[in-house]
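See below for the structure under consideration.
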Amino acid sequence: MPITDTIIKAQYSIVQCRHNMSLETDVTETLDVKGASCPMPVVKSKQAVDDLAAGDLLEVVATDSGSMSDIDGWASGTDGVSLVEQEERDEGGETVYVHYVQVEE
Amino acid sequence: MSTDADESAGDDGFTPDDEAAEIAELRARIDELEEELADVTVETDDDQKSMVIVATKGTLDMAYPPLILASTAAAFGWDVTVFHTFWGLDILHEERSKDLKLSSVGNPNMPVPNAIASIPGMDRVTTKMMRKKIADNETASIDELLDTCFAMDVEMQACQMTIELMDYDEDDFYDDVTVGVGAATALEAMAEADIQLLV
């Protein structure tokens with residue numbers, strides 16, 4: 001039943017879209033590390049997180065493709081932070097990697 | 001002859017008094033062990049990781065791995081110590097750290113053959129090429145990584161024996177560098193650390 005599939009997909013996209021929108025509106029601070037390569041996205045994220053309070057959400061915008069694995073590894077190996085979501089976006093032909101890091105309560 | 005004590009004595013001939021004494025002894029032993037266990041649990045509860053890196057090389061390429069690993073480990077919240085010895089001291093040397101060079105010989109992956117690479121001045125050429133690549137790739141500079149390590153409280157140590165061997169002065173190093181340390185200090189930290197690396 002292709003029509004049902006389409007509806008389900010459309011509903012799913014709306015849910016996804018809302019989810020991302022709510023994440024973006026929840027962002028406490030955005031850290032721009034575009035251009036920087038290993039280890040700076042992780043190091044700067046840590047420094048940014050240190051200035052935030054429990055419950056805050058840090059958005060990290062990077063162009064280093066290695067940051068997908070590195071931020072994930074850092075967040076899971078570090079007390080007090082958790083990775084909420086990661087996404088790849090196209091910004092005017094440039095691929096950016098966006099990470100949402102939550103400061104735990 | 002029969003007494004109360006004899007009647008209640010078990011098959012093993014223990015009297016209630018003996019049993020009571022034994023139970024009291026066992027209870028005391030359990031308490032003792034529980035206390036010991038609590039101490040052990042407190043020790044293992046401390047999941048603070050630590051890493052010690054021994055940095056022995058002072059070429060531009062070999063200065064990177066200890067600094068990158070140290071700053072990243074600090075980002076994980078680990079306790080990090082980098083013990084610099086021999087040419088590794090140059091990384092902490094205020095003047096020399098700004099002018100670390102790449103060796104053009106001895107590395108078969110270099111774009112120039114060793115016969116040409118050994119011509120005087122070639123190290124300067126290859127170092128310039130490497131610095132350009134680092135800048136183009138927006139890889140952090142040695143300066144930037146050093147600043148980061150200091151800002152993140154990485155313990156940067158300079159081996160006293162090699163400071164003297166290389167004719168350096170303690171004042172030649174960055175302010176936050178710990179001097180007056182030797183192999184025993186490094187080993188003591190390494191014995192306690194979760195990760196130990198020699199670069």
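The values are calculated or read from the model by the stated rules, or taken from the named source; none is laboratory data. Only a predicted model underlies this, so the values are computations on that prediction, with no experimental measurement involved. Here the Cβ positions follow ideal geometry from the backbone for every residue, glycine too, while neighbour counts run over all protein chains shown. The area values use the complete protein model at the heavy-atom level, side chains included, leaving out ligands, DNA and RNA. Shrake-Rupley method; radii C 1.70, N 1.55, O 1.52, S 1.80 Å.
Only one residue in B:137, B:114 is out of contact with any helix residue (DSSP H, G or I) (no Cβ under 6 Å at 6 or more places or on another chain), within 14 Å of another protein chain (Cβ to nearest Cβ) and not β-branched (Val, Ile, Thr). Which one?
Values: B:114 fails: within 14 Å of another protein chain (Cβ to nearest Cβ).
Being out of contact with any helix residue (DSSP H, G or I) (no Cβ under 6 Å at 6 or more places or on another chain), within 14 Å of another protein chain (Cβ to nearest Cβ) and not β-branched (Val, Ile, Thr) holds for just one of B:137, B:114, which is B:137.
Might you check whether a residue that is more than 14 Å from every other protein chain (Cβ to nearest Cβ), under 21 Å from the mean Cα position of the chain (by Cα) and open to solvent by 10 Å² or more (accessible area, probe 1.4 Å) occurs anywhere in segment B:71-81? Reasoning before the result, please.
Initial filter on segment B:71-81 (more than 14 Å from every other protein chain (Cβ to nearest Cβ)): B:81.
This time we only want the ones that are under 21 Å from the mean Cα position of the chain (by Cα), so: B:81.
Adding the requirement that they be open to solvent by 10 Å² or more (accessible area, probe 1.4 Å) leaves B:81.
Yes: segment B:71-81 contains one or more residues that are more than 14 Å from every other protein chain (Cβ to nearest Cβ), under 21 Å from the mean Cα position of the chain (by Cα) and open to solvent by 10 Å² or more (accessible area, probe 1.4 Å).
When only residues in segment B:15-70 that are in a helix (DSSP H, G or I) and of a type in the set (S, T, N, Q) count, which is farthest from the other protein chains (Cβ to nearest Cβ)? Steps first, please.
Filtering segment B:15-70 down to residues in a helix (DSSP H, G or I) leaves B:16-45, B:60-70.
Narrowing further to those that are of a type in the set (S, T, N, Q): B:41, B:44.
Working: B:41: 19, B:44: 16 Å.
Only one residue fits best here, namely B:41.
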Return the only residue of A:11, A:102 being open to solvent by 50 Å² or more (accessible area, probe 1.4 Å) and modelled with pLDDT under 95.
-> A:11
Please list, ordered by first then second residue, the pairs with beta carbon atoms under 7 Å, 6 or more apart or interchain, first in segment B:65-89 and over 20 Å from residue B:140 (Cβ atoms) and among the acidic types (Asp, Glu), second open to solvent by 20 Å² or more (accessible area, probe 1.4 Å) and not in a loop (DSSP other than H, G, I, E, B).
-> B:79/B:50
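Pull up segment A:73-86, narrow it to residues that are under 19 Å from residue A:56 (Cβ atoms) and not hydrophobic (A, V, I, L, M, F, W, C), then point me to the one that is least open to solvent (accessible area, probe 1.4 Å). Lay out the reasoning, then the answer.
The first filter runs over segment A:73-86 and keeps only residues under 19 Å from residue A:56 (Cβ atoms), leaving A:74-76, A:78-86.
Next, from what is left, pick out any that are not hydrophobic (A, V, I, L, M, F, W, C): A:76, A:78-80, A:82, A:85-86.
On the way: A:76: 95, A:78: 13, A:79: 125, A:80: 32, A:82: 35, A:85: 41, A:86: 56 Å².
The extreme case among them is A:78.
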